[in-house]
Amino acid sequence: MQVKILADSACDLPLQFYTDNNAILLPLKVQLNDHEYEDVKTIDPKKVYEAIRNGIVPKTSQVSPFLFTEVFTKMAENNEDGIYIAFSSELSGTYQTAVMILDQVKEKYPNFQLTIVDSKCASLGQGLTVREAARLAAENIEKEVILKEVLFRCQHMEHLFTVEDLDYLAKGGRVSKASAFLGGLLNIKPLLNVEEGKLVPLEKIRGKKKLLHRITEVISERGSRLNEQIIGISHADNEETALEVKAILENNFQPKEVYISAIGSAIGAHTGPGTIAIFFLNDIPEYTIKKK
């Protein structure tokens, strides 16, 4: 039986991906104007960005325990084997809740074989790993081999991103207020990355042109065999810059593919509009994955 791939909506893959790949979507929740929505499924990110620009602060919450229970129980009853690639435990309680619910479900179904991975990633850092896992699952690759690939990618996934205003991240507790330095002031552009699942500011750069140049330098410094990779770009209502970055990546590194996706409502509620993020691997496994 084909391994089932599960992912929460923090991976910023479109709804169609789950249909096309027989994967299971576990949406985070977004609260806006006294209404609760399911990320990806029942709210358009543009609605969140419009609210933020109007001074409204959306709130988010993790995947509901009820949904975890429902999905895990159904899989157990159907004797399905799966891998859930979860949003970084440093940024959300979703992973911890999933582990707790799995333990409860396994009390009734002790033979249930679901593996939950704390990706320590966010947005397409998580999403590119989910895409690869789904591709391998569709080829009926053994679970142990898929899991090895997933864990490697999570460990070696680089996240580089810039936001229009670091105050959005500070308000949501994703970076400390001390780190929320001069975002949006005097054309200062913050460059951040993810270390051990946490958001960490790297540099302050003046102006978009210098920022894009510096991003290119960092990718060159950290990336491994970039021409063999799929590089991801996610954006928060900023497709124009995303396409500009894509052209820079293709010109400088000739990657196998540049995959662009919109940042969803749950992540976007914290990053704010204008965010641009780039994802790539700092190492590539030497082993070859063989079909079953």
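The values are calculated or read from the model by the stated rules, or taken from the named source; none is laboratory data. Computed from a predicted model, the values in this text were never measured in an experiment. Methodologically, a virtual Cβ is constructed for each residue, glycine included, from the backbone with ideal geometry; neighbour enumeration extends over all protein chains shown. These accessible areas exclude ligands, DNA and RNA; they are computed on the full protein's heavy atoms, side chains included. Shrake-Rupley method; radii C 1.70, N 1.55, O 1.52, S 1.80 Å.
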Any hit, the range 142-163, residues being open to solvent by less than 10 Å² (accessible area, probe 1.4 Å), out of contact with any helix residue (DSSP H, G or I) (no Cβ under 7 Å at 6 or more places or on another chain), hydrophobic (A, V, I, L, M, F, W, C) and not in a helix (DSSP H, G or I): no
Residue in the range 112-135 that is open to solvent by 60 Å² or more (accessible area, probe 1.4 Å), aliphatic (A, V, I, L, M) and in contact (Cβ under 8 Å) with a residue 12 or more places away in the chain present: no
Selection within the range 234-274 - polar (S, T, N, Q), farther than 30 Å from Gly93 by Cβ and in contact with a Gly (Cβ under 9 Å, 6 or more places away or on another chain): Thr241
Odd one out for Lys208, checked against (1) surrounded by 15 or more Cβ atoms within 10 Å (Cβ to Cβ); (2) free of Cβ contacts under 8 Å to residues at least 40 places away in the same chain: (1)
Selected residue [of a type in the set (A, V, I, L, M), buried (at least 21 other Cβ atoms within 10 Å of the Cβ), out of contact with any helix residue (DSSP H, G or I) (no Cβ under 7 Å at 6 or more places or on another chain) and on the phi < 0 side of the Ramachandran plot] from Val63, Val71: Val71
Boolean, Asp44 is within 22 Å of the chain's Cα centre (by Cα) and surrounded by fewer than 14 Cβ atoms within 10 Å (Cβ to Cβ): yes
Matching residues, the range 224-238, being over 19 Å from Lys189 (Cβ atoms) and either surrounded by fewer than 22 Cβ atoms within 10 Å (Cβ to Cβ) or hydroxyl-bearing (Ser, Thr, Tyr) (or both): Ser224, Arg225, Leu226, Asn227, Glu228, Gln229, Ile230
Within the range 189-204, tally of residues that are more than 24 Å from Ile85 (Cα to Cα) and either open to solvent by 20 Å² or more (accessible area, probe 1.4 Å) or at pLDDT 95 or above (or both): 5
Exclusive hit being among the hydroxyl-bearing types (Ser, Thr, Tyr), out of contact with any Pro (no Cβ under 6 Å at 6 or more places or on another chain) and either part of a loop (DSSP other than H, G, I, E, B) or within 25 Å of Val145 (Cβ to Cβ) (or both), set Thr60, Thr115: Thr115
Asp167 being among the acidic types (Asp, Glu) and either in contact with a His (Cβ under 8 Å, 6 or more places away or on another chain) or modelled with pLDDT of 95 or more (or both): no
Hey, Leu185 open to solvent by less than 20 Å² (accessible area, probe 1.4 Å) and either at pLDDT 95 or above or not hydroxyl-bearing (Ser, Thr, Tyr) (or both) or not: no
Complete set of residues in the range 15-34 that are out of contact with any strand residue (DSSP E or B) (no Cβ under 9 Å at 6 or more places or on another chain) and either acidic (Asp, Glu) or not in a helix (DSSP H, G or I) (or both): Asp20, Asn33, Asp34
Test: Val99 is buried (at least 18 other Cβ atoms within 10 Å of the Cβ) and in a helix (DSSP H, G or I): no
Meets criteria (of a type outside the set (Phe, Trp, Tyr), touching a residue at least 24 places away in the same chain (Cβ under 8 Å) and surrounded by fewer than 18 Cβ atoms within 10 Å (Cβ to Cβ)) for Lys108: yes
Long-range neighbours under 7 Å by Cβ, at least six apart or interchain, first residue over 27 Å from Ser220 (Cα atoms) within the range 259-283, second open to solvent by less than 10 Å² (accessible area, probe 1.4 Å) and part of a strand (DSSP E or B): Gly264/Asp39; Ser265/Val30; Ser265/Asp39; Ala266/Val30; Ala266/Asp39; Ala269/Val30
Those strands (runs of 3 or more DSSP E) lying entirely in the range 211-292 with at least 1 residues under 24 Å from Asp39 (Cα atoms) and touching a His at 6+ places or on another chain (Cβ under 9 Å): 257-262, 276-281
Matching option when the condition is open to solvent by less than 20 Å² (accessible area, probe 1.4 Å) and not acidic (Asp, Glu), among Thr241, Thr216: Thr241
